[in-house]
Amino acid sequence: MYTTAMAFLEALRETGVSHLFANLGSDHPALIESLAEARAEGVPMPRLITCPNEMVALSAAHGYAQATGRAQAVIVHVECGTQALAGAVHNAAKGRAPVLIFAGMSPVTQEGELPGSRNEFIHWLQDVNDQRAIVRQYMRYDNEIRTGVNVKQLVYRAMQFAKSDPQGPVYLIAAREVLEQEVPRITPNPAYWPVLPSSPAPAEWIEALAASLATARRPLVVTSYLGRKVEAVAELVRLCDRAAIGVLESVPNCVNFPADHPMYQGVQGNEPAQNEALAEADLVIVLDSDVPWIPTVNKPRQDIPVFHADIDPLKQQMPLWQIPALHIARADAATALQQLNETIEPTDITERKTHYAAQHAARAQELLDRETEGSAEWVTSRVRRQIDRDTIVLNEAITSYRAIAEHIGPRDPGTMFTSGGGSLGWNGGAAIGFRLACPEKTVITFSGDGSYLFSVPSAVHWMARRYATPFLQIVLNNGGWRSPRLSMLSLHPDGYASRSSDIGVSFDQPPDYSGIAAAAGGAFARKVARPEELDAAIEQALHAVRVEKRAAVLDVLLNVG
Ligand SMILES: Cc1ncc(C[n+]2csc(CCOP(=O)(O)OP(=O)(O)O)c2C)c(N)n1
Ligand SMILES: [Mg+2]
């Protein structure tokens with residue numbers, strides 16, 4: 001029998017889905033049956049990955065998309081499973097990750113009128129007035145599949161939204177009867193739902209910027225996510241080599257520029273201080289950034305030209321957003337940079353090249369000075385010494401975000417990522433997605449002790465063993481949540497809370513972080529309490545991941561002064 005469910009799965013396969021990150025329920029009999037039928041008949045279908053937790057499922061699909069640019073599918077159970085996607089919905093939306101989320105619905109008949117009609121008590125409880133409303137404001141597109149006769153068209157349309165810039169998650173739902181419906185085999189041509197081509201920057205934007213670049217003394221690029229496309233990084237390197245432009249990464253969520261390039265001016269995040277490169281810039285080019293600076297603490301001079309090009313310049317998901325740019329373009333960064341490279345004329349760049357190179361060298365020394373024993377910077381530096389260029393680092397280290405980014409100092413695009421959002425717990429599921437996508441790479445996550453617990457490590461480490469996706473997880477143990485304490489101090493530096501030792505952010509008595517992973521998935525588990533133990537622990541953990549093919553968790557006690 002050819003059903004809506006079979007056509008739906010075929011449409012996923014036809015749009016490039018290779019993995020279904022699934023958490024199944026009473027809404028999915030037709031899908032389970034179709035997958036089993038396809039397997040019995042030797043028909044290729046996406047691989048089902050059992051995910052014991054929905055947030056982990058979506059984080060894995062998010063990671064897979066970050067690693068490959070390819071959208072995968074997440075299958076969850078009615079409105080409950082949709083709710084359990086939790087903050088991963090936020091991360092996929094803010095991080096602009098293409099992914100198709102499908103949830104069934106409770107059956108819409110109760111007297112056996114149609115195949116699939118209600119036959120379990122839970123069907124009355126799992127019915128809500130507007131299931132799509134749960135996630136609608138995060139989705140690029142959402143719809144209900146009301147009949148099987150055009151289910152393929154809806155999947156193609158949803159994927160067109162997910163994959164066209166600005167990319168992001170999409171959500172489809174269908175009732176059980178609709179999934180069970182027998183339908184004629186239809187073969188619409190997916191080529192009629194193409195991913196929209198990337199836009200170039202308007203010629204005026206390019207020309208005005210080229211003219212400003214010719215006379216600027218301290219031109220500076222500020223970027224956060226242009227490195228989503230590796231071609232953009234190569235174009236930026238070419239531009240900076242020719243025009244001597246400094247590059248500052250602002251809360252980067254991927255590698256935007258090689259950290260060892262002399263024009264590289266480092267990373268800014270939440271530090272409560274004016275960034276020097278930004279302060280001295282006389283031309284700022286914001287390329288793909290959601291938060292290029294935080295105006296209450298750090299901003300460029302008021303009298304300088306600011307150019308902005310972005311795949312999402314209006315920041316359509318952000319109610320409040322504005323930077324003082326008079327030249328704004330909706331453009332693909334790789335294309336815009338290529339246009340600039342073709343337009344700029346040779347000018348004398350000796351002075352600014354020397355200046356930026358000197359700043360870069362001074363910063364390199366400063367970074368080494370910060371690697372003091374017991375600090376997050378130091379832990380990162382010890383990991384850096386043991387990894388090769390085939391390593392991908394996932395960073396969810398919160399108050400140590402910047403330390404990880406700067407002290408790994410990635411040189412190659414596609415070797416370091418953050419979630420791009422702010423809902424903690426992405427790192428574990430994402431690591432599974434990265435490992436499924438890149439089995440030949442070593443994947444290492446850095447998380448806080450808090451973000452380790454948010455990541456649902458029991459589900460993650462069960463999956464790591466079940467799907468042979470080992471990775472190394474480094475837990476930066478600073479006794480709990482440092483970040484909310486710093487937030488409090490920024491507003492109430494001398495208040496009661498500043499003098500209190502108990503403000504509800506401590507994890508005393510701490511859980512056995514690495515033991516959780518050992519129990520759930522046989523992970524190599526080690527607590528590192530003394531600095532002299534760290535190097536050997538990293539070596540053994542990497543051996544476990546690379547040679548024994550099992551995950552490893554290092555619980556590293558930080559020196560919290
Ligand atoms: C889902 C979610 N819940 C709560 C928060 C608020 N929050 C931001 S940082 C933080 C603490 C994180 O702790 P940890 O990972 O140990 O990093 P640390 O602050 O100690 O560096 C919390 C609770 C959040 N961002 N996301
Ligand atoms: Mg912590």
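Quick one: which residue in ALA459, ALA468, ALA525 is outside any helix (DSSP H, G or I), farther than 23 Å from LEU557 by Cβ and not charged (D, E, K, R)? Break it down into steps so the answer makes sense when it comes.
Numbers: ALA459 fails: outside any helix (DSSP H, G or I); ALA525 fails: farther than 23 Å from LEU557 by Cβ.
ALA468 is the lone residue from the list that is outside any helix (DSSP H, G or I), farther than 23 Å from LEU557 by Cβ and not charged (D, E, K, R).
So which residues in the stretch 250-305 are assigned to a loop (DSSP other than H, G, I, E, B) and of a type in the set (Ser, Thr, Tyr)?
Step one: list which residues in the stretch 250-305 are assigned to a loop (DSSP other than H, G, I, E, B), which gives 251-263, 269-275, 281-282, 288-305.
Within the stretch 250-305, SER289, THR296 meet the criteria.
May I ask you to list the residues in the stretch 33-71 that are more than 21 Å from ARG465 (Cα to Cα) and either in a strand (DSSP E or B) or touching a strand residue (DSSP E or B) at 6+ places or on another chain (Cβ under 9 Å) (or both)?
Here is the first cut: in the stretch 33-71, the ones more than 21 Å from ARG465 (Cα to Cα) are 33-45, 65-66, 68-71.
Once the filter is applied, which keeps residues that are more than 21 Å from ARG465 (Cα to Cα) and either in a strand (DSSP E or B) or touching a strand residue (DSSP E or B) at 6+ places or on another chain (Cβ under 9 Å) (or both), the stretch 33-71 yields GLU33, SER34, LEU35, MET45, ALA65, GLN66, ALA71.
In the stretch 89-109, which residues are under 16 Å from LEU179 (Cβ atoms) and part of a loop (DSSP other than H, G, I, E, B)?
Going through the stretch 89-109, the residues under 16 Å from LEU179 (Cβ atoms) turn out to be 100-109.
Once the filter is applied, which keeps residues that are under 16 Å from LEU179 (Cβ atoms) and part of a loop (DSSP other than H, G, I, E, B), the stretch 89-109 yields SER106, PRO107, VAL108, THR109.
So, in the stretch 72-88, exactly how many residues are away from ligand 1 (no atom under 16 Å from the Cβ) and either among the hydroxyl-bearing types (Ser, Thr, Tyr) or part of a helix (DSSP H, G or I) (or both)? Spell out how you get there, then give the answer.
Within the stretch 72-88, the subset away from ligand 1 (no atom under 16 Å from the Cβ) is 72-82.
The next check asks that each one be either among the hydroxyl-bearing types (Ser, Thr, Tyr) or part of a helix (DSSP H, G or I) (or both); those that pass are 78-82.
Count: 5.
Looking only at the stretch 384-415, how many residues end up being within 23 Å of VAL230 (Cβ to Cβ) and more than 16 Å from ligand 2 (Cβ to nearest atom)?
Qualifying residue count, the stretch 384-415: 20.
Name the pairs whose Cβ atoms lie under 7 Å apart, with the first residue in the stretch 407-430 and at positive phi, the second in a loop (DSSP other than H, G, I, E, B) and within 13 Å of ligand 1 (Cβ to nearest atom), and 6 or more positions between them or separate chains?
The qualifying pairs are GLY425/SER455; GLY425/VAL456.
Hey, any hits in the stretch 491-509 for a residue that's away from ligand 2 (no atom under 12 Å from the Cβ), under 22 Å from TRP426 (Cβ atoms) and not in a helix (DSSP H, G or I)?
no
If you go through the stretch 151-163 one residue at a time, do you hit one that is of a type outside the set (Val, Ile, Thr) and in a loop (DSSP other than H, G, I, E, B)? Quick ask: steps written out before the conclusion?
First, pick out the residues of the stretch 151-163 that are of a type outside the set (Val, Ile, Thr): 152-154, 156-163.
This time we only want the ones that are in a loop (DSSP other than H, G, I, E, B), so: none.
Scanning the stretch 151-163 turns up no residue that is of a type outside the set (Val, Ile, Thr) and in a loop (DSSP other than H, G, I, E, B).
Looking at the stretch 495-553 only, could you name the residues that are under 20 Å from GLY480 (Cα atoms) and among the hydrophobic types (A, V, I, L, M, F, W, C)?
Listed by number, the residues that qualify are ALA497, ILE503, VAL505, PHE507, ILE516, ALA517, ALA525, VAL528, ALA529, VAL553.
How many residues are β-branched (Val, Ile, Thr) and within 12 Å of ligand 2 (Cβ to nearest atom) when one looks only at the stretch 470-490? Break it down into steps so the answer makes sense when it comes.
First, pick out the residues of the stretch 470-490 that are β-branched (Val, Ile, Thr): 474-475.
Right, trim to within 12 Å of ligand 2 (Cβ to nearest atom) and you get 475.
Adding up the residues that qualify gives 1.
Just the residues that are within 16 Å of ligand 2 (Cβ to nearest atom) and surrounded by fewer than 24 Cβ atoms within 10 Å (Cβ to Cβ), please, taken from the stretch 424-448.
Filtering the stretch 424-448 for residues within 16 Å of ligand 2 (Cβ to nearest atom) gives 424-428, 445-448.
The one that is within 16 Å of ligand 2 (Cβ to nearest atom) and surrounded by fewer than 24 Cβ atoms within 10 Å (Cβ to Cβ): LEU424.
Taking the stretch 528-544 as the region of interest, how many residues are β-branched (Val, Ile, Thr) and part of a helix (DSSP H, G or I)? Even if it seems obvious, please write down each step before you answer.
Of the stretch 528-544, the ones β-branched (Val, Ile, Thr) are 528, 538.
Subset that is part of a helix (DSSP H, G or I): 538.
Looking only at that region, the number is 1.
Please return the ranges of helices (runs of 4 or more DSSP H) entirely within the stretch 346-454 where 3 or more residues are under 30 Å from SER212 (Cβ atoms), within 16 Å of ligand 1 (Cβ to nearest atom) and at pLDDT 95 or above. So that I can check it myself, show each step before the final result.
Working: elements: 350-370, 376-384, 401-408, 426-437, 449-454.
So the answer is 401-408.
Can you tell me which residue within the stretch 139-187, out of those that are touching a residue at least 60 places away in the same chain (Cβ under 8 Å) and aromatic (Phe, Trp, Tyr), is surrounded by the fewest Cβ atoms within 10 Å (Cβ to Cβ)?
My answer is TYR156.
Might you let me know whether the stretch 545-560 holds any residue that is modelled with pLDDT under 95, loosely packed, with under 14 Cβ neighbours inside 10 Å and outside any strand (DSSP E or B)? Can you show your working first?
Looking only at the stretch 545-560, we keep the residues that are modelled with pLDDT under 95, and these are 559-560.
Next, only the ones that are loosely packed, with under 14 Cβ neighbours inside 10 Å stay: 559-560.
In the following step, the residues that additionally are outside any strand (DSSP E or B) were identified as 559-560.
Checked the stretch 545-560: at least one residue is modelled with pLDDT under 95, loosely packed, with under 14 Cβ neighbours inside 10 Å and outside any strand (DSSP E or B).
Would you check which residues across the stretch 526-538 are loosely packed, with under 13 Cβ neighbours inside 10 Å and acidic (Asp, Glu) and list them?
First pass over the stretch 526-538, keeping only residues loosely packed, with under 13 Cβ neighbours inside 10 Å: 529-530, 532, 536.
GLU532 - this is the single residue of the stretch 526-538 that is loosely packed, with under 13 Cβ neighbours inside 10 Å and acidic (Asp, Glu).
Regarding SER164, is this residue at pLDDT below 95 and either under 27 Å from the mean Cα position of the chain (by Cα) or not assigned by TED's automatic domain parsing to the domain that holds ILE285 (or both)?
no
Is there any pair linking a residue in the stretch 1-19 that is on the phi > 0 side of the Ramachandran plot to one that is outside any strand (DSSP E or B) and at pLDDT 95 or above, with Cβ under 6 Å and at least six apart or on different chains, and which?
GLY16/ARG70
Could you please let me know if ALA464 is more than 16 Å from ligand 2 (Cβ to nearest atom) and within 24 Å of ILE387 (Cα to Cα)? I'd like the intermediate steps shown before the answer.
Working: more than 16 Å from ligand 2 (Cβ to nearest atom): yes; within 24 Å of ILE387 (Cα to Cα): yes.
Answer is yes for this residue.
Just checking, how many residues over the stretch 306-327 are assigned to a loop (DSSP other than H, G, I, E, B) and in contact with a strand residue (DSSP E or B) (Cβ under 9 Å, 6 or more places away or on another chain)?
The first filter runs over the stretch 306-327 and keeps only residues assigned to a loop (DSSP other than H, G, I, E, B), leaving 311-326.
Now restrict to residues that are in contact with a strand residue (DSSP E or B) (Cβ under 9 Å, 6 or more places away or on another chain): 311-314, 323-326.
Count: 8.
Restricting attention to the stretch 294-302, does a residue exist that is more than 19 Å from the chain's Cα centre (by Cα) and surrounded by 22 or more Cβ atoms within 10 Å (Cβ to Cβ)?
Taking the stretch 294-302 as the starting set, the residues that turn out to be more than 19 Å from the chain's Cα centre (by Cα) are 294-302.
When the remaining residues are screened for being surrounded by 22 or more Cβ atoms within 10 Å (Cβ to Cβ), the result is 300.
Yes, that holds for at least one residue.
The values are calculated or read from the model by the stated rules, or taken from the named source; none is laboratory data. Here the structure is a predicted model, which is why all the values come from computation and not from measurement. Don't worry about glycine lacking a Cβ; one is built from the backbone with ideal geometry, like all the others, and counts go over all protein chains shown.
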